[in-house]
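Written out below as structure tokens is the structure these notes cover.
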Amino acid sequence: MNINIAEHLRIIWAIASKDIRDSIKNKIVLGILIGVGFLMLSSQAMPIIMKVNAEPRAFFYDLGKSTALREIVRSREIQFFPVDTFQEMVNSVGSSSIPVLGLIIPSDFDLAVNNGSTILLDGYSIHWARPSEIDDLITHFQDTLSGMTGQTIEIQLVNDSVYPNPAEPGFTDMIVTGLVIVVMTISLILVPFLIIEEKENHTFEVLIISPAKISHLLAGKSIAGMLYGLVAATVMLIFSSRWIVHWELVILAVFLGSLASVSLGLFFGITFKNFTTINLWVGIAIVLLLIPAFLWTGIQNKLSIPIRILFQAFPSFAMSNLVGVSLLEGSSFTDIWDNTAVLIGFVIVTLSLVWWKIWKMDI
């Protein structure tokens with residue numbers, strides 16, 4: 001008998017709401033969620049702590065190897081750090097978790113100090129810094145450097161839109177890995193746990209033989225599994241909002257990453273029959289999924305081409321790339337499409353396997 005859309009939605013929501021209620025009542029699941037929550041909040045608290053304790057900081061590229069500036073650096077009276085190249089200065093500004101200044105020191109700096117001339121420095125700042133924060137930094141270093149050199153120094157902001165360099169490690173890596181951890185682990189742990197619990201209580205068999213279709217079952221459990229991951233990710237995105245440039249990409253990454261995690265959790269829950277086996281395989285899966293997010297920059301050049309290609313097919317790798325791109329000024333269509341295709345392909349293949357296993361299940 002055909003049923004209308006409202007009836008389809010009612011069945012799906014009945015399955016989803018049951019799993020949501022069960023997970024709230026289950027102390028083990030709550031323990032998992034609280035643990036991931038503490039991990040999430042600790043990573044997000046870092047920039048707040050650093051900002052509270054940090055002194056004003058600047059990185060400078062000295063075109064003339066100034067003797068006067070070397071003396072200022074040696075004095076350690078201010079947070080004033082030399083770099084070897086212009087690009088290194090830009091990278092230092094772009095990778096910081098707190099607003100900092102980048103300065104270009106002209107080649108005639110020492111001559112201007114000796115002649116008593118007003119010295120003009122070009123300044124650079126990160127794109128997400130508030131104007132008031134940059135004004136405070138400029139005022140601080142103008143006053144401090146003027147006092148230490150005995151000459152008037154003015155800083156002219158020539159670029160207030162410095163973005164992170166994707167090839168360099170920095171604070172944005174914490175945002176990427178934090179989101180991947182939250183989205184990938186919560187659903188991957190929660191979904192199979194609830195399915196195994198239903199198998200032991202023989203409620204899963206009731207679902208299979210009820211009027212609910214396989215599509216209802218998959219949709220309902222996917223909604224329940226995604227809920228907690230999406231809620232946690234939303235909290236992280238609120239804390240990280242000032243660093244995000246392309247919201248459409250980070251939302252796409254979180255949604256597809258959560259769906260990929262849920263589909264893998266469904267596969268494990270349908271395939272295995274007890275908590276011991278589930279814990280083993282979920283643990284292995286989490287380790288493998290998080291390797292690309294945590295270690296890829298350091299290990300990719302040491303891996304053989306087949307292993308590298310294998311890791312690039314992981315949903316966590318694709319998700320971390322999409323989140324990373326959302327923090328940058330621009331991105332290529334190829335980068336976005338390739339990683340989106342990996343996530344969509346993983347979800348289609350995994351859910352197809354889940355569908356087939358349920359269809360063949362002997363109740």
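The values are calculated or read from the model by the stated rules, or taken from the named source; none is laboratory data. Not measured: the values here are computed from a predicted model. A quick note on method: Cβ atoms are made from the backbone with ideal geometry, for glycine too, and the neighbour counts reach across all protein chains shown.
Some points to look at:
- Only a single item in (1) over 19 Å from the mean Cα position of the chain (by Cα); (2) under 30 Å from GLU198 (Cα atoms) is not met by LEU290, and it is number (1).
- Contact map, region 68-91: residues that are over 16 Å from PHE141 (Cα atoms) paired with residues that are modelled with pLDDT of 85 or more and in a helix (DSSP H, G or I), Cβ distance under 8 Å, separation 6+ or inter-chain. Pairs shown: VAL83/MET89; VAL83/SER92.
- Residue ID - farthest from ALA260 (Cα to Cα), chosen from residues in region 316-352 that are surrounded by fewer than 16 Cβ atoms within 10 Å (Cβ to Cβ) and among the hydrophobic types (A, V, I, L, M, F, W, C): PHE333
- Top-ranked residue in region 219-248 [being free of Cβ contacts under 8 Å to residues at least 12 places away in the same chain and among the hydroxyl-bearing types (Ser, Thr, Tyr); ranked as farthest from GLY330 (Cα to Cα)]: THR234
- Taking the criterion of being assigned to a loop (DSSP other than H, G, I, E, B) and out of contact with any Leu (no Cβ under 9 Å at 6 or more places or on another chain), the residues of region 109-141 that qualify are GLY116, THR118, HIS127, TRP128, ARG130.
- Candidates GLN44, GLN87, filtered to the one that is part of a helix (DSSP H, G or I) and at pLDDT 85 or above: GLN87
- The numbered conditions (1) of a type in the set (D, E, K, R); (2) surrounded by 15 or more Cβ atoms within 10 Å (Cβ to Cβ); (3) farther than 16 Å from PHE59 by Cα are all true for ASP143 except (2).
- Boolean, PHE294 is closer than 26 Å to SER240 by Cα, out of contact with any helix residue (DSSP H, G or I) (no Cβ under 7 Å at 6 or more places or on another chain) and in a helix (DSSP H, G or I): no
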